[in-house]
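This report refers to the structure that appears directly beneath it.
Just so it is clear, none of the values below were taken in a lab; they were calculated from the coordinates. Everything quoted here is computed from the prediction, not taken from an experiment. For neighbour counting, all protein chains shown are included, and Cβ atoms are generated from backbone atoms with ideal geometry for every residue, glycine included.
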Ligand SMILES: C[S@@+](CC[C@H](N)C(=O)[O-])C[C@H]1O[C@@H](n2cnc3c(N)ncnc32)[C@H](O)[C@@H]1O
């Protein structure tokens, strides 16, 4: 994209964002005035993490973590791209008091809300703001292709990411897989959601909702937008399997999602569950 086209795209997205925020703030005010605002949930203006019912999707993702990933109740958990606590909130009722949860995200306001509303009541839940660039969520910061997660090696037993890798480019996916592997203890588990491209999902692409047709192709990845690749990304399943193995994981389970025509899946995106392989010198 040329320089002027890029500026014009940025201006238009900022205006759209401002209008959306203004509308969400108006809804928040109306809910507040009617005494219907629930302080346990983030205000509408902070629910930027996707469409659908905030609470229902959080519970759905807890079911995915437990059913597909056997999420332990007593462990050290890391969530990459925790947003505004959609999954952390239901986790507060699932994890034992001796478990720890750490989540990090690039959106400062979301992290601040989580600290104020979740950490205050559940001190074993900690939230971290990171200044990493993502053209959908944060325009400045370190590249996600080289970012080092702010935790020492072997800090966690279970690392997960919901709807995060679906906003990353190929080099960013590679780095986040390697970093997830680094911070996991030996034998630790990794669960993440993706849009996986395979013969089945490729066949369905033309009949999908507009947002999930991924018309722009670059190597093993497809993109929903050519102006801003972070809007939504899909990746060739065979290539991703290779990257996961190269990062040092063994794949335990792949559950194709509803988007790929699997009506019995618990969720829309595809879910991949892996285990850290013992280090071989
Ligand atoms: C679709 S939202 C999902 C949020 C959360 N996982 C959930 O399910 O509610 C994607 C999240 O990833 C965060 N994000 C995007 N790029 C990131 C990066 N490179 N590192 C960490 N978080 C990132 C965004 O700020 C956003 O909160």
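Brief remarks on what is shown
- Residues residue 93 and residue 36, FRET efficiency given R0 of 25 Å [Cβ-Cβ distance, rounded to 0.05]: 0.65
- Normalised contact order of the chain, rounded percent, pairs of Cα under 8 Å and 6 or more residues apart: 14 percent
- Label-zone membership for region 238-271, site residue 218, 7 angstrom Cα→C-beta point, backbone N under 19 Å: 239-240, 243
- Considering only 156, 54, 190, the mean-square fluctuation computed in a Gaussian network model of the chain, springs between alpha carbons under 10 angstrom, is largest for 54.
- A Gaussian network model of the chain, with springs between Cα atoms under 10 Å, assigns the largest mean-square fluctuation among 102, 53, 218 to 53.
- Springs between Cα atoms under 10 Å define the GNM used for the chain, and in it the highest mean-square fluctuation of 209, 153, 28 occurs at 209.
- The overall shape of region 49-207, judged from the alpha-carbon gyration tensor, is rounded, with an a/c ratio under 1.5.
- Cα shape, the chain, gyration tensor, a/c 1.5 rule: rounded
- A simple spin-label model places pseudo-atoms 7 Å from Cα toward Cβ; at residue 26 and residue 253 they are separated by 4.5 nm.
- Cα gyration tensor shape for region 105-150, rounded if a/c is under 1.5, else prolate or oblate: oblate
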